[in-house]
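Peer 1: Here you go, one structure.
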Amino acid sequence: MSDLSRRHFLKLGACLAGGACAGTVLPMAEASQEAKEASTLTTTLPYPRLKLVNISELEIRHEMRLTYPDVDSPISLIKFGTRILHGIGPEGDIVAFSRYCTHMGGHLQFKADTGAFHCPLHFAMFDAQKSGLMVIGQATDNLPQVELEMDDRGDIYAFGVKGLIYGRQANVLA
Amino acid sequence: MSMISHGEDRVPIPPADAQHYSTVCSYCIVGCGYKVYKWPLGKEGGPKPHQNALNADFSKQQPQRSGNWISSAMHNVITERNGTRFNIVVLPDRNCAVNKGNHSVRGGTHGDVLYAPDRPTADRLTSPFLYRGGHQLPTTWEEALTFGARIIKACLDTWGPDSIAMKCFDHGGGGGGFENNWAVGKFFFTGIGTQMASIHNRPAYNSEVFAAGDAGLASLPASYMDAQLADTIVLIGANSYETQSIYFLEHMVPNLSGETLAFKNATLPGESHAPAKIIIIDPRRTATVAVAEAVAGKANVLHLQINNGTDIALLNSLSRLIHERGWHDQEFIETRTDNFEEFKAKNLLQDLDHTLRLTGVLGEQLLMAAEWIAKPKSDTHRRRTLILYEKGLIWGLKNYENIASVVDLALLTGNLGKPGTGCSRLGGHQEGYSRPRYPGTRPPINVDDVAIKGEGSKIFWVAGCNPVGGTLNAQPFRLSLERRTSIVNQALNSVSGGSEEDRIQAVLTALEKGVFF
């Protein structure tokens, strides 16, 4: 089971629960293949596919500040060093999130000791290791998570954002 | 689906000609303002300011606190009775003096929780249930109403109006408070005439804080502005970051951070002003404590982490300390209060060592609290202290004495009726309260206690609340309800194949044995 990604594991679980997938070959995909999977997002927005960084440039639990899908949308990319929910890369530990709080757009600070984003405006907290889950605060949505994939050279690309970025009507500006 | 993970990456914006209304939050006690936008499904406003009702430029990133961002939770699609579908957006009102565009995690979901046939809100109870063969099974309204009405009528004829006890919600908010509350009162008070009435979260038909009323205080003697002006804010049994979020974030936090200093100087000239200090009395280290420390600095936050149920000793000890040091408001006591000698002979004799042992609070903390509440700022100016309390103080077996102790502390220190002072709950609900007069005595009957003792009522009508979750003596009450209702269920089961007549007779026979329907 160890090389089953969480995504595949969940699919398998759904099959078993549904009882309708008997005889299906288990998807023993490697990480690189998984990275090429299509987005689960049902979107019509024209997200750019943008190279963010090469994996060799990442330090463990160190926040890399970037922007996506455009320069007015700050994001943070973090490699945690241990497998986390919806993480990508060979360790399944790389995630990226919008840095605008989904309550009122406060500029979030990532803290390595908590592994969470903290909002200075009204003290919301979002857990980067749990897909941006709000731990406490007044926001009504988790933190939008940037959809990432990695190619054979270790280049990490962004190709979508799950959840609405604060201050926008659509994640890709008109 | 979790409310908190919508996963959508766009929301429709209201077009310039969308219908719009102002409303107030239907959740907590703070009363934040909201704007509702409604427009036909299939139509959308454009990103340019003149193309949408918010007059905002959505072709650009909005700045923080813009007050015009629509989160996924603020939008929904509703279907009217004639089948027409509309987009609905419920947005915090940035022009409302209470919330200034801010919202809590509750208020931010007004759109989300509207009924929609294709969302989790479609999951509703649409038909009444009756016990049959040991199970609650759906039935028609006609059958349920006839069945219920005949049993109520039989009880009324045989045992009189007090054989029908009730515990009903009295909130309404967006759900139709006036109509609901009026209908409940009309039915139980005018129609049936029972004294055995109680409210969703308490065992009798009374105010939660009637000790305050008895002492002559108005229900809400302070405004949110007082929280911006106070020298000291005292929170008792209240986790206001999480439960009165906007009152705390928009009116207390700016005072703790010093943001309201200019306002304080302008409003109350001639006395010294500093960012407010805050005393939080709570057995738990809450999010409110953490946030207050982050804003005001630890030196300006005093968390009295008392043992459960020791509020009275703590509050009376504070009164004693304040009186012994001469920090009380003699003029206020003389001109505005009576029975001071009685108060001295009782509350002010609270043994301080005993209090330290009971509460687990340190002596220096107690003294610091007394100073922050009442030590005058100068020879001519008293401290302005706003004392606010909630469920931690008002829900308990010593409800009356708890409130009396805190009210006495406020009276002793003259913290009423002046800017920056007050003593009350953090608010009241948007209940739309209007009912015919309660026909019972004052003080009203403790309905739950009567139920525990197995006396009186034959019918216990519960509406829109969890009776066991909102009472003082929960476990005996739960067991009593369980025991007495199970006898009725058994009686019904014994005639599950019978006619309506058989089943009504079975219930009435069981009721004679002192059970509950």
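No value in this document is a laboratory result; all are computed from the given coordinates. Keep in mind the model is a prediction, meaning the values are calculated, not measured. In this analysis, Cβ positions are derived from the backbone assuming ideal geometry, glycine residues included, and neighbour counts consider all displayed protein chains.
Peer 1: Give the Cα extents of the protein assembly as shown along the principal axes, in whole Å, largest first.
Peer 2: 83, 82, 54
Peer 1: How far apart, in nm, are two points set 7 Å out from the Cα along the Cα-to-Cβ line at B:Glu259 and at B:Ser59?
Peer 2: 3.3
Peer 1: Would you mind ranking B:Val89, A:Val146, B:Val450 so that the residue whose beta carbon has the fewest other beta carbons within 10 Å leads the list? All intermediate terms of the calculation are to be shown ahead of the outcome.
Peer 2: Values: B:Val89 25, A:Val146 29, B:Val450 19.
The order, fewest Cβ neighbours first, is B:Val450, B:Val89, A:Val146.
Peer 1: Could I ask something else about it? Around B:Glu455, under 13 Å between beta carbons, what's the net of Lys plus Arg minus Asp minus Glu among the other residues?
Peer 2: Summing Lys and Arg as +1 and Asp and Glu as -1 gives 0.
Peer 1: Rounded to the nearest Å, what's the spacing between the alpha carbon centres of the stretch B:66-92 and the stretch B:138-173? Just the number, please.
Peer 2: One Cα centre to the other: 37 Å.
Peer 1: Please figure out what share of the DSSP beta bridges in the protein assembly as shown is antiparallel and state it in percent, rounded to the nearest 5.
Peer 2: Details: 55 of 83 bridges.
If I count the DSSP bridges inside the protein assembly as shown, around 65 percent turn out antiparallel.
Peer 1: How would you rank B:Asp123, B:Asp231, going from fewest to most other Cβ atoms within 10 Å of each one's own Cβ? Show your work: numbers first, answer last.
Peer 2: On the way: B:Asp123 7, B:Asp231 25.
Neighbour counts put them in this order, fewest first: B:Asp123, B:Asp231.
Peer 1: OK, next. Starting from the coordinates of the alpha-carbon atoms of chain B, obtain the Kirkwood hydrodynamic radius over all distinct pairs and give the value in Å to one decimal. Write out the running numbers ahead of the final one.
Peer 2: Details: mean 1/r = 0.0381 Å⁻¹.
Hydrodynamic radius (Kirkwood, Cα only) of chain B equals 26.2 Å.
Peer 1: B:Tyr21 to A:Ala112: FRET efficiency via 1/(1 + (r/R0)^6), r the Cβ-Cβ distance, R0 35 Å, to the nearest 0.05? Numbers along the way, then the final one.
Peer 2: On the way: r = 46 Å, r/R0 = 1.32.
The pair B:Tyr21/A:Ala112 has a calculated efficiency of 0.15.
Peer 1: Does the stretch A:77-174 come out rounded, prolate or oblate, given a ≥ b ≥ c as the square roots of the eigenvalues of its C-alpha gyration tensor, rounded meaning a/c under 1.5 and, failing that, prolate meaning a/b above b/c? Walk me through the numbers on the way to the answer.
Peer 2: Numbers: a/c = 2.43, a/b = 1.33, b/c = 1.83.
Verdict is oblate for the stretch A:77-174.
Peer 1: What does the charge count near B:Asp57 come to, summing +1 for each Lys or Arg and -1 for each Asp or Glu among other residues with Cβ under 13 Å from its Cβ? Working shown, then result.
Peer 2: Details: positive: A:Arg168, B:Lys48, B:Lys60; negative: A:Asp72.
After counting each charged neighbour, the total is +2.
Peer 1: Can you run phi through the Karplus equation (6.51, -1.76, 1.60; θ = phi - 60°) for the stretch B:135-140 and list ³J(HN,Hα) in whole Hz, with x for Gly and Pro?
Peer 2: Per-residue couplings from phi come out as 10, 7, 10, x, 9, 7 Hz.
Peer 1: Sticking with this structure for a sec: Got the relative contact order for the stretch B:233-292 handy, in percent, Cα pairs under 8 Å and 6 or more residues apart? Display every interim value, and only then the final one.
Peer 2: Numbers: 58 pairs, mean separation 30.0, N = 60.
Relative contact order of the stretch B:233-292: 50 percent.
Peer 1: Let me ask you something else. Where the centroid of each part is defined by its Cα atoms, how far is the stretch A:79-97 from the stretch B:450-505 in Å?
Peer 2: About 54 Å separates the Cα centre of the stretch A:79-97 from the one of the stretch B:450-505.
Peer 1: Rounded to whole Å and ordered largest first, report the semi-axes of the equivalent ellipsoid of the stretch B:102-261 derived from its Cα gyration tensor (root of 5λ).
Peer 2: Numbers: eigenvalues 342, 125, 29 Å².
Working from the Cα gyration tensor, I get semi-axes of 41, 25, 12 Å.
Peer 1: Just to be sure I follow the definition: excluding the sites themselves, where is the longest run in chain B that has none of the GluC sites (Glu not before Pro) in a DSSP loop with at most 13 other Cβ atoms within 10 Å? It would help to have the intermediate numbers written out before the result.
Peer 2: Numbers: sites that count: B:Glu80, B:Glu259, B:Glu455.
Counting only loop sites that pass the neighbour cut-off, the longest clear stretch is B:260-454.
Peer 1: Next question. Using a simple spin-label model with points 7 Å from Cα along the Cα→Cβ vector, what separation in nm is obtained for B:Ser496 and A:Asp151?
Peer 2: In this crude label model, B:Ser496 to A:Asp151 measures out at 6.7 nm.
Peer 1: Within 15 Å, Cβ to Cβ, of A:Pro69, how many net charges do the neighbouring residues add up to if Lys/Arg are +1 and Asp/Glu are -1?
Peer 2: Details: positive: A:Arg49, A:Lys51, A:Arg99, A:Lys162, A:Arg168, B:Arg10, B:Lys60; negative: A:Asp70, A:Asp72, A:Glu147, A:Glu149, B:Asp9.
That sum, taken over residues with Cβ under 15 Å, equals +2.
Peer 1: Using only the Cα atoms, what convex hull volume per residue in Å³ does the stretch B:19-122 have?
Peer 2: Values: hull volume 11.7 nm³, N = 104.
Dividing the Cα hull volume of the stretch B:19-122 by its residues yields 113 Å³.
Peer 1: List the relative contact order of the stretch B:19-122 as a percent without decimals, with contacts defined as Cα pairs under 8 Å and 6+ residues apart. Present the calculation step by step, with values, prior to reporting the outcome.
Peer 2: On the way: 177 pairs, mean separation 28.2, N = 104.
Computed value for the stretch B:19-122: 27 percent relative contact order.
Peer 1: So for chain B, averaging the separation of alpha carbon pairs under 8 Å that are six or more residues apart and normalising by length, what relative contact order in percent results? If you can, show how the numbers build up before the last one.
Peer 2: Details: 933 pairs, mean separation 94.9, N = 517.
With pairs under 8 Å counted, the relative contact order is 18 percent.
Peer 1: Under a crude label model (7 Å from the Cα following the beta-carbon direction), how far is A:Arg65 from B:Ala122 in nanometres?
Peer 2: That separation, rounded to one decimal, is 4.5 nm.
Peer 1: Also: Mind checking the stretch B:111-213 for trypsin sites (Lys or Arg not before Pro) that DSSP puts in a loop (not H, G, I, E or B) and that have at most 12 other Cβ atoms within 10 Å?
Peer 2: Values: sites: B:Arg124, B:Arg132, B:Arg150, B:Lys153, B:Lys167, B:Lys186; in loops: B:Arg124.
Loop-located and lightly packed - B:Arg124.
Peer 1: Further question on the same structure: Kindly rank B:60-66, A:130-136 from highest to lowest mean number of other beta carbons found within 10 Å of each residue. Could you put the intermediate results ahead of the total?
Peer 2: Details: B:60-66: 15.9, A:130-136: 19.0.
Per-residue Cβ counts within 10 Å, averaged per peptide and sorted highest first, yield A:130-136, B:60-66.
Peer 1: Oh, and also: Taking loop as defined by DSSP and a crowding limit of 14 other beta carbons within 10 Å, which trypsin sites (Lys or Arg not before Pro) in the stretch B:352-413 fit?
Peer 2: Sites meeting the loop and neighbour criteria: B:Lys377, B:Lys398.
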